[in-house]
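This report concerns only the one structure given below.
Each value in this text was obtained by applying a stated rule to the coordinates, not by laboratory testing. All values reported here derive from a predicted model rather than from experimental measurement. Heads up, the Cβs are rebuilt from the backbone with ideal geometry, glycines too, and the neighbour counts pull from every protein chain shown.
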Amino acid sequence: MNVLSFSLWGPHPIYNIGAIENAKLQKQLLPDWICRYYVGNDSDETTISELEQMGCQIVRKEGKHGFQRLFWRMLPASDKTIERFLIQDCDSRINERVVSAIEDWKLTDKPFMMMRDSVHHSLAIQGGMWGGKGGIIKNIESAAEEYCSQQINTGFKDYYFLDQLFLNQKVWPKIKDHHVAYIGNGGRSYTSNDRSFPVNLPDGQFVGQVWEANNQPASASRINPFIY
């Protein structure tokens, strides 16, 4: 089983509409994959019902503050029943460039893949732009719980960025020698083996780009308005 993994919570249309649009795109572009949504207890039930009707997997989760819930989508990394997973943001879109990277990755012997497709993609692991083979990263849920507790106890409040700090401080050192990365549009390259994306996108679009609730791509400089 190949899984596109998302976290979803709250009433914001940009995420709920994005979740549905990504499920539609998965059917078209990656029919041998399945969308899995880890959803909070404050999620929009109409959206969840529609996703279920489309054949998506729904995993209900409890608790957690704000963007700590982004960690839910990492859980496939420790699941041995999953062949490959790709972690995505609900407010971006699966596209042909993502598919081309997946197909090229499958031809390598690397268990992990990263994508950086903007000058703003400077971290080794972008939170919604990486994937791997399931079951290789052990106990990621408990490791994330411990990391969050440590950070919050120090007074750290930038919850929106917390998952990326965890990935780059705790996960990247373990997988940096076992990945292939796809780079474009000024995204940062970390190794001499990094590759260009096999295909281009129209109209200046890029992997990881935010799409608005009206289902139109946002500018590259857009700041998430729901940080809390």
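Things to note:
- FRET efficiency, Arg188 to Ser49 (Cβ-Cβ, R0 35 Å, nearest 0.05): 0.30
- Projected label distance in nm at Asn168 and Asp32, using a 7 Å step from Cα toward the beta-carbon: 3.4 nm
- Dipole check for the stretch 2-196: with +1 at the C-beta of Lys and Arg, -1 at the C-beta of Asp and Glu, and the Cα centre as origin, the magnitude is about 480 Debye.
- Above-threshold pairs, the threshold being 24 Å between Cα atoms, out of Lys61/Lys106; Lys24/Lys138; Lys80/Lys106: Lys61/Lys106; Lys24/Lys138
- Residues of the stretch 115-147 with amide N under 18 Å of the 7 Å Cα→Cβ point at Ser196: 115-119
- Phi-based couplings in Hz for the stretch 77-82 (Karplus 6.51, -1.76, 1.60; Gly and Pro marked x): 4, 9, 9, 5, 7, 9
- Cα shape, the chain, gyration tensor, a/c 1.5 rule: rounded
- Amide H to amide H, with H built 1.01 Å from N, Tyr182 comes under 5 Å of Met114, Met115, Arg116, Arg195, counting only residues 5 or more places away or on other chains.
- Partners of Lys176 within straight-line reach, counting aspartates and glutamates whose Cα lies under 16 Å from its Cα and excluding those fewer than 8 residues away in the same chain: Asp109, Asp194.
- Taking the convex hull of Cα positions in the stretch 50-155, its mean projected area over all directions (nm²): 8.7 nm²
- Summarising the label geometry, the points placed 7 Å from Cα in the beta-carbon direction at Asp177 and Glu141 lie 3.0 nm from one another.
- Summing Lys and Arg as +1 and Asp and Glu as -1 over all other residues whose Cβ lies under 14 Å from the Cβ of Thr108 gives a net charge of 0.
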